[in-house]
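Colleague: Have a look at this one before I ask anything.
The values are calculated or read from the model by the stated rules, or taken from the named source; none is laboratory data. Quantities reported herein were computed from a predicted structural model and do not represent experimental measurements. Here Cβ is always computed from backbone atoms with ideal geometry, including for glycine, and neighbour counts include all displayed protein chains.
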Amino acid sequence: MEYKNIVLKIEDNIALLTVNRPKALNALNSEVLSELECALYEIENNDDVKCVIITGDGEKAFVAGADIKEMLGMDAIAAAEFAKKGHSIIRFIRKMKKPVIAAVNGYALGGGFELALACDIIYASENAKLGFPEVTLGIMPGFGGTQNLVRICGEKIANELIFTGQMISAVRAKEINVVCEVLKDKESLMDRAFETAKKIASNSPKGVAFAKSAILTGVNMNLSEALDYESTLFGLLFNTEDQKEGMSAFVEKRKAKFKGK
Ligand code: HXC
């Protein structure tokens, strides 16, 4: 499919998805959201892709939020539909078999921060600024931010960030467990994201996908149910060719060649 506001590049088992609307600091309007949804669906159904990186075009912004100019004219029903469109992407990323890495360059605000929070791993460059300015606009986070931030940082930090609308630095975002690592510039940010993506792509796709499901599904269960879920998935992996290949390769002292089967 042809995209107008995003660029999708697939190479060496890694999909690089770039939000490309620099004149609006990559803000998410309905068209960008539809294209993101299509691209993620395309990626999930492409067996060649083992890992995904999402970033924003240029150095100034990852995504500066949902499009305020589009939201200005919305009535309550349109606004709720718009929020649901965002939720559908956030949910899809969480359910994808393939890990998604956010490479946050510059501003990640509102819906942009929410997009990053939905990803499995977040790296940020030193110039990144993250936050939820929604309350300064008379609204509140609506692409899952109130739910995801509290699960990652806990209630007090989520309250502080969402109620004040303040932006935080990449270093502060790392302190509160939002960001895995802070890189000095866009180039080292992308190098780091690709390094991790390559490591993930060399592992068993089934092992990675089941581990992602155990982590994300299990966190919403009580510990006993979550451990049952983990043991079920662990057992299912023994029906895969990847498990035979991975363990045989170890015994035969060679590198495993996984097929994702
Ligand atoms: C629409 C946006 C935008 C946005 C920036 N632009 N952010 N357009 N929606 N979220 C546009 C500006 O209007 C401007 O276009 C161009 O991008 C450059 O932005 P400037 O403001 O001139 O840049 P700068 O002075 O460097 O300031 C950068 C900034 C500021 C601090 C990031 O742009 C800003 O505060 N943006 C809004 C951030 C925000 O509030 N995000 C949350 C949105 S609500 P023109 O045409 O004027 O040159 C949200 C809700 C999610 O995300 C949930 C929905 C359900």
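Colleague: Being farther than 23 Å from PHE132 by Cβ and in contact (Cβ under 8 Å) with a residue 60 or more places away in the chain is true for just one of ASN26, ASN13. Which residue is that?
Modeller: Numbers: ASN26 fails: farther than 23 Å from PHE132 by Cβ.
After applying the criteria, what remains is ASN13.
Colleague: Counting just the residues of region 162-198 that are polar (S, T, N, Q) and in a helix (DSSP H, G or I), which one comes out surrounded by the most Cβ atoms within 10 Å (Cβ to Cβ)? Steps first, answer last, please.
Modeller: Initial filter on region 162-198 (polar (S, T, N, Q)): 164, 166, 169, 177, 188, 196.
Keeping just the survivors that are in a helix (DSSP H, G or I) gives 164, 188, 196.
On the way: THR164: 14, SER188: 15, THR196: 20.
By that ranking, first place goes to THR196.
Colleague: Scan (1) near the ligand (Cβ under 10 Å from one of its atoms); (2) surrounded by fewer than 24 Cβ atoms within 10 Å (Cβ to Cβ); (3) closer than 11 Å to ILE54 by Cβ for the single condition GLY112 breaks and write down its number.
Modeller: Only one criterion in (1) near the ligand (Cβ under 10 Å from one of its atoms); (2) surrounded by fewer than 24 Cβ atoms within 10 Å (Cβ to Cβ); (3) closer than 11 Å to ILE54 by Cβ is unmet by GLY112, namely (2).
Colleague: Which of (1) touching a residue at least 40 places away in the same chain (Cβ under 8 Å); (2) closer than 20 Å to LEU130 by Cβ; (3) in contact with a strand residue (DSSP E or B) (Cβ under 6 Å, 6 or more places away or on another chain) is the odd one out, the single condition SER169 does not satisfy?
Modeller: (3)
Colleague: Let me ask another. Given the condition assigned by TED's automatic domain parsing to the domain that holds ALA102, closer than 18 Å to VAL104 by Cα and surrounded by fewer than 19 Cβ atoms within 10 Å (Cβ to Cβ), answer yes or no: does some residue in region 59-79 qualify?
Modeller: yes
Colleague: Pick from region 121-180 the residues that are closer than 23 Å to ARG91 by Cβ and aromatic (Phe, Trp, Tyr): which of them is nearest to the chain's Cα centre (by Cα)?
Modeller: By that ranking, first place goes to TYR123.
Colleague: Scan (1) outside any loop (DSSP other than H, G, I, E, B); (2) farther than 26 Å from GLY86 by Cα; (3) in contact with a helix residue (DSSP H, G or I) (Cβ under 9 Å, 6 or more places away or on another chain) for the single condition ASN159 breaks and write down its number.
Modeller: Exception for ASN159: condition (2).
Colleague: Go through region 70-102 and report how many residues are within 9 Å of the ligand (Cβ to nearest atom), free of Cβ contacts under 8 Å to residues at least 12 places away in the same chain and not aliphatic (A, V, I, L, M).
Modeller: Here the count works out to 1.
Colleague: Can you give me the number of residues within region 135-156 that are closer than 27 Å to ALA80 by Cβ and in a helix (DSSP H, G or I)? Step through it out loud before you land on a result.
Modeller: Of region 135-156, the ones closer than 27 Å to ALA80 by Cβ are 135-153, 155.
Among the residues that remain, those that are also in a helix (DSSP H, G or I) are: 135-137, 145-153, 155.
Selection size over region 135-156: 13.
Colleague: Further question: Restricting region 107-134 to residues that are among the aliphatic types (A, V, I, L, M) and in a strand (DSSP E or B), which is farthest from SER188 (Cα to Cα)?
Modeller: Within region 107-134, the first condition is being among the aliphatic types (A, V, I, L, M), and the residues that meet it are 108-109, 115-118, 121-122, 124, 128, 130.
If we keep only those that are in a strand (DSSP E or B) as well, we get 108-109, 121-122, 124, 130.
On the way: ALA108: 18, LEU109: 22, ILE121: 16, ILE122: 14, ALA124: 10, LEU130: 19 Å.
Residue satisfying both the conditions and the ranking: LEU109.
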